[in-house]
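The values are calculated or read from the model by the stated rules, or taken from the named source; none is laboratory data. On a predicted model such as this, the values are computed, not experimentally measured, just so you know. Cβ placement follows ideal geometry from the backbone for every residue including glycine, while neighbour counts extend to all protein chains displayed. All accessible areas refer to the heavy atoms of the entire protein, side chains included, with ligands and DNA or RNA removed. Shrake-Rupley method; radii C 1.70, N 1.55, O 1.52, S 1.80 Å.
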Amino acid sequence: MSGEIAQAFAKAKARGEGVLVAYAMAGDPDLPRSVDVFAALVEGGADIVEIGVAFSDPIADGPVIQGASERALKAGSTLKRVLDEVVPEVRRRCPQTPLVIMTYVNVVMAMGEERFAKLARERGVSGAILPDLPPEESADLRATFDAAGLDLIPLCAPTTPPARAEAIARDARGFVYCVSVAGVTGMRAELPPDLSQRLDLVRRASPVPVVAGFGISTEEQARTLAAHADGVVVGSALVRAAHADGPQAAKALCANIKRGLKR
């Protein structure tokens, strides 16, 4: 696990808090202004920032993040521009906050796995999440990332059988991203009743922290999950708030959810 990510979890634990991983889309509404959104997330209490890189076929994402991806692509967002223009500015404004890239494996392959890992690490990125990369096909890329000092953060779905979930956890870097609901990203009024049991199972097998994501948008949901996970990921609710009302709205929502993670 990268030192930055491990330190973020350790600091939050010492404060008696779960970790808030906050997502926004680089390039939404444009590259410079998206930096303001990322900085606002940290001001609101985000412990780790997840930087979305737009892709034309974001199969894991619901309507809110699909819309953000379309806006970012129209604004000229590319992986190279995100690494060159957005990441360094977020790093400058939020020097203590680990940055994680979230995109799709085709985007990384188009740049070249080794080149991406090298550039991302040089720019100050701590890890990457590639939701369409199957665990069975991840070993080579994980080794490439390991060599560069970049964590390949795996996802574990609600439909993942227990034995497979444990195997995914054992090979995890950074943290395990437990997907809380079947389907795509987006706000949910209720989370599955068996989610706490699945989180407990993965935590027992995982050498790294476990966070829950997809569908989490309220302080109360964060509070419910804090007893069973080391943190939560919030994306669609923050993207919607920033798009509708600007960075300060996303900051306020971060602060609300962070209150739910105090133990």
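Within region 216-249, the set of residues being free of Cβ contacts under 8 Å to residues at least 12 places away in the same chain and either touching a Phe, Trp or Tyr at 6+ places or on another chain (Cβ under 6 Å) or open to solvent by 20 Å² or more (accessible area, probe 1.4 Å) (or both) comprises ALA244, ASP245, ALA249.
A single member of ASP57, ASP61 is in a loop (DSSP other than H, G, I, E, B), acidic (Asp, Glu), open to solvent by less than 60 Å² (accessible area, probe 1.4 Å) and touching a residue at least 24 places away in the same chain (Cβ under 8 Å), and it is ASP61. Within region 27-38, is even one residue of a type in the set (Gly, Ala, Ser), surrounded by fewer than 24 Cβ atoms within 10 Å (Cβ to Cβ) and more than 15 Å from the chain's Cα centre (by Cα)? Among the residues of region 27-38, not one is of a type in the set (Gly, Ala, Ser), surrounded by fewer than 24 Cβ atoms within 10 Å (Cβ to Cβ) and more than 15 Å from the chain's Cα centre (by Cα), which makes the answer no.
When we screen ALA6, ALA24, ALA72, ALA10 for residues that are under 19 Å from LEU130 (Cβ atoms) and more than 14 Å from the chain's Cα centre (by Cα), the only hit is ALA72.
Restricting attention to region 143-166 and to residues that are open to solvent by less than 40 Å² (accessible area, probe 1.4 Å) and closer than 16 Å to PRO207 by Cβ, the residue that is nearest to the chain's Cα centre (by Cα) turns out to be ILE153. The set of residues in region 202-257 that are assigned to a helix (DSSP H, G or I) and in contact with a Pro (Cβ under 8 Å, 6 or more places away or on another chain) contains only HIS243.
If you go through region 96-120 and pick out every residue that is surrounded by fewer than 18 Cβ atoms within 10 Å (Cβ to Cβ) and closer than 15 Å to ILE5 by Cβ, you end up with 1.
Of note, GLY52 does not satisfy the criterion of being touching a residue at least 24 places away in the same chain (Cβ under 8 Å), of a type in the set (Gly, Ala, Ser) and surrounded by fewer than 21 Cβ atoms within 10 Å (Cβ to Cβ). Within region 77-97, the set of residues being free of Cβ contacts under 8 Å to residues at least 60 places away in the same chain and not in a helix (DSSP H, G or I) comprises SER77, THR78, CYS94, PRO95, GLN96. Taking (1) over 23 Å from GLY246 (Cα atoms); (2) among the basic types (Lys, Arg); (3) out of contact with any Leu (no Cβ under 9 Å at 6 or more places or on another chain) in turn, ARG92 satisfies each apart from (1). What do you reckon, is GLY213 within 19 Å of the chain's Cα centre (by Cα), open to solvent by 10 Å² or more (accessible area, probe 1.4 Å) and of a type outside the set (Ser, Thr, Tyr)? Criteria not met by GLY213. If the condition is being out of contact with any Lys or Arg (no Cβ under 6 Å at 6 or more places or on another chain) and of a type in the set (Gly, Ala, Ser), then region 71-125 contributes ALA72, ALA75, GLY76, SER77, ALA110, GLY112, ALA117, ALA120. Among the residues of region 121-142, just one is among the aliphatic types (A, V, I, L, M), open to solvent by 30 Å² or more (accessible area, probe 1.4 Å) and over 24 Å from GLY62 (Cβ atoms), namely ALA139.
Applying the condition of being within 25 Å of MET111 (Cβ to Cβ) and of a type outside the set (S, T, N, Q) to region 1-21 and asking which residue is surrounded by the most Cβ atoms within 10 Å (Cβ to Cβ) yields VAL21.
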